[in-house]
Amino acid sequence: MQQLTQTDHQLGTQGVFVTAEIHIKAEVELATGVAAIQAFCAAMNSEPGCTMAIALQDPNAPKQFIFWERYNDDAAINAHFIAPHTQAFIKAGLTELKQAFQSTLA
């Protein structure tokens, strides 16, 4: 049986959940884009107030990803958007944001 981590317990608690569809740009090599996405998720997971940041890759369209993120509150998500690693990921221009939305537990 899989043991639950602290993050697993927090997923069932209220917070700010972000779902984003990201595509690696056509001119970017897949391996380069994947490495950038993996590094970005690792950096997000080190942010105070971010309890989960994972990227899910579409097996039928390998340059398409869904990001799932959970933040403790609005302050944490606001800090995420101004974090140096977030700004660097955006400025690198390797990916394109197709859509994103925030949600909370029902």
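The values are calculated or read from the model by the stated rules, or taken from the named source; none is laboratory data. Owing to the predicted nature of the structure, the values given are computational and were not obtained by experimental measurement. Please note: Cβ atoms are built from the backbone with ideal geometry, for glycine as well, and neighbour counts cover all protein chains shown. Keep in mind that these areas ignore ligands, DNA and RNA; they rest on the heavy atoms of the full protein, side chains included. Shrake-Rupley method; radii C 1.70, N 1.55, O 1.52, S 1.80 Å.
Restricted to region 54-77, and to residues there that are in a strand (DSSP E or B) and touching a Cys at 6+ places or on another chain (Cβ under 9 Å), the residue that is surrounded by the fewest Cβ atoms within 10 Å (Cβ to Cβ) is 54. The single condition among (1) assigned to a strand (DSSP E or B); (2) modelled with pLDDT under 95; (3) of a type in the set (Val, Ile, Thr) that residue 22 does not satisfy is (2).
Residues of region 16-53 that are of a type in the set (S, T, N, Q) and open to solvent by 30 Å² or more (accessible area, probe 1.4 Å): 19, 32, 38, 45, 46.
Every residue, every condition in (1) assigned to a loop (DSSP other than H, G, I, E, B); (2) among the polar types (S, T, N, Q); (3) exposed (fewer than 15 other Cβ atoms within 10 Å of the Cβ); (4) at pLDDT below 95, yes or no:
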{"position": "9", "(1), (2), (3), (4)": "no, no, yes, yes"}
{"position": "14", "(1), (2), (3), (4)": "yes, yes, yes, yes"}
{"position": "79", "(1), (2), (3), (4)": "no, no, no, no"}
{"position": "89", "(1), (2), (3), (4)": "no, no, no, no"}
{"position": "96", "(1), (2), (3), (4)": "no, no, yes, no"}
{"position": "106", "(1), (2), (3), (4)": "yes, no, yes, yes"}
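Going by the structure shown, is residue 100 in a strand (DSSP E or B), crowded, with 16+ Cβ neighbours inside 10 Å and touching a residue at least 60 places away in the same chain (Cβ under 8 Å)? Judged against the criteria, residue 100 is not a match.
Selection of first residues in region 29-56 that are closer than 18 Å to residue 75 by Cβ and of second residues that are open to solvent by 70 Å² or more (accessible area, probe 1.4 Å) and of a type in the set (S, T, N, Q), restricted to Cβ pairs under 9 Å at least 6 apart or on distinct chains, gives the following pairs, ordered by first then second residue: 48/72; 49/72; 50/72; 51/6; 51/45; 51/72; 52/45; 53/45.
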